[in-house]
Every structure is written in C-alpha cells, then in structure tokens.
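The values are calculated or read from the model by the stated rules, or taken from the named source; none is laboratory data. Bear in mind the structure is a predicted one, so any value in this text is a computation, not a measurement. For neighbour counting, all protein chains shown are included, and Cβ atoms are generated from backbone atoms with ideal geometry for every residue, glycine included.
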Amino acid sequence: MDLDRYIVYNRPHWSRLALLTRLVRDKPKELGPAQVDEFLSLYRRVSSQLSFVRSHYQDPTLTAELNHTIGMANAALYQRTASPVAGLRRFFAVSFPGAVWHMRRALGVAALLLLLPAIVMALWLSSSDRALDLAASEAQRAAYVDEAFEDYYSSAPAAEFATSVLINNIQVSFLAFALGVSFGIGTAAVLVFNGVNLGMAWAVFIVAGEQSKFFGLIAPHGLLEMSAIVVAGAAGLSMGWALIAPGDRTRGAAFTEEARRSIVVILGLMIAFVIAGIIEAYVTPGLSTVPRVAIGVVVEAVAVAYIVAFGRRAEALGFSGQINEFHAGRGLRAAQSL
C-alpha cells in the first residue's frame, strides 16, 4: 500500500483516537466501558502503526503527527492512572479495601485465633478462684479494677499518649504480619498471646462485677484496634499459607504475591491505628461511658462498611490489592469510577 492510500485508510482511526484522548483527559466519567476498550485498542493499534511508518515510509511529517497523537494519548492515560493524588485516592478506594476483602477467609481464622483464647481465658479464670489467684493476687486485681486500668488512659498528656499507643499498635501489627514468614506459626502465636491477655483482663472485671466498666473503657478504641490487629494477622496468615499450599505456583511466587498484598494492608492499617490512638487518648478519658462506646461502635461500623463496599467493588473491577497491580487499562477503568 502506498503512503497516500495508507493515510486515507487509517486517518479515521487517528482522528478517533485524538477525540477519545480529549475525553479521557477532560471528561473521563463520560466514557462508557465500550469507549474505554475502544480507546485502549486504538492506543495499541496506532502505536504499532507509528513503528510501521517509521520503518517502512520514513515520512517525517506523518511520523511527527502520529508521534504527537500517541504522546497525547499516553499523557492522558497516565494522567488518569499515575498522578500522586489519583494514586492516593486509588489506594484507599481500590487497593487497600481490595486487599483486605481478598483475604477475608484468613480474616475469619485470625479473628478466631484472637477471640477464642480471650473468651476461653475469661471463662476459665472467672470460674476458677485458684486459677485467678495464680494469675493475680486479690490486692492486685482490686487495684487494677479500681484505679490502674482506667488511670492508664490518662497516664500521659493526650498527644503523647496517642503517639505511644500508635507506636505500640504498629509494632504488634507489624510483628503479626512479618511472622507470616514462619509458615504463619509466629502470626498465630501473636494473635493467641494478645487474646489471652485480653481474656485475663476481662476475667478480672467479671469477678469484680465491673464488666460495664471494662467494655466502657475497651470498646471506644478497642473495636477498631482489635479489628486492625486481626487484619494484620490475616495478612501474616495469608503469607504463611502461601508457603504451605502454593497451588500451581512456586512457593517463592506465591509468597511474593501475598507479600505484595500484605504490604498494602499494613500501610492502610496505619490510618486505623491513628484513629484508634486518637480515640484512646481523647475520647476514652474525656467522655462518659455511653457516648464513648457509641463512638467506638459507629467508627467500627463505618470501617466494616467501607471494607465490604469498596472491597467488593475492587474485586468487581478485577483487583486484589497487590502493589503495582494497576496497569494502564484496568487503571483507567478504576480511575473513572473514583
């Protein structure tokens, strides 16, 4: 085909790509799925034609025109998928909830590893005087219920206390996540250990007849805090299970895939721990029982609703929360819906 015929035959495609490029750049939400697919198809097609023109026709004018068309399309595409603001929005709208939703089965296991030991320990100690005495003396228990437990929340200025709580929670969650490399055994141990400690504290308040005080102090921040630790544990368990049962992948590939997803989870949990720390420092010691518990319940309900709604949406878009999972095509489709 001579150059003139080639231009006449293909110019409608180039013009169409230029039109879709302007829509992607200026009005992405007006694009339907069919137009997104058409844009990506034309982008690939005209890119190939640019290479063909360079090697077969060596026409500077046409090469410059196609180069400009592809350059504008490329800029519009990655403007929608790679800007810092879009990346941050995409992280919290797609990547983080998508990663948590993807590991929802591991979440159930992690929750059981934390909550079952807490319940068993609380029931055992509260029904066995001997076991309770071995855990703590009567004087220690009385001081804990009457003063120590509540005083803990006002033991330092609020800002300092919030920072201390944040650092502690990050350390626990990182440990639960990182020990996934031990085939999940270390992660399970961290969850069980925290559950046992929670159960011991609960038992002391049960015996003292002060359960309402216990939950009044724990619930405001503890619902979100324990949920975040469970999520971190689920990330560690997912990595451990990838080593135990990699499926049709090599262990290295399976572990790497889960690690990429787990890192996204840990980064996202930083926000949850900041919120929990603020509640623990400013809400728990400053309000009466009913409003502070109500705040804790509302915050937890919002967090769960966010993960379910945005996680299911991310899955529908084809994402599972791995780092660098966005590529041009799917990234554009997700960016349209943000």
**OP:** Collect the residues in segment 19-34 that are assigned to a helix (DSSP H, G or I) and crowded, with 16+ Cβ neighbours inside 10 Å, keeping them in residue-number order.
**Re:** Leu20, Thr21, Leu23, Val24, Pro28
Original post:
Does segment 160-173 include one or more residues that are modelled with pLDDT of 90 or more, hydroxyl-bearing (Ser, Thr, Tyr) and either part of a helix (DSSP H, G or I) or closer than 29 Å to Ala234 by Cα (or both)?
Top reply: no
Subject >> Hits in segment 201-230 - residues which are farther than 20 Å from Arg292 by Cα and more than 30 Å from the chain's Cα centre (by Cα) >> reply: Ala203, Val204, Ile206, Val207, Ala208, Gly209
Original post:
For segment 45-67, does any single residue satisfy the condition of being more than 30 Å from Ala188 (Cβ to Cβ), modelled with pLDDT of 80 or more, outside the structural domain of Asn197 (by TED's automatic domain parsing) and not in a helix (DSSP H, G or I)?
Top reply: yes
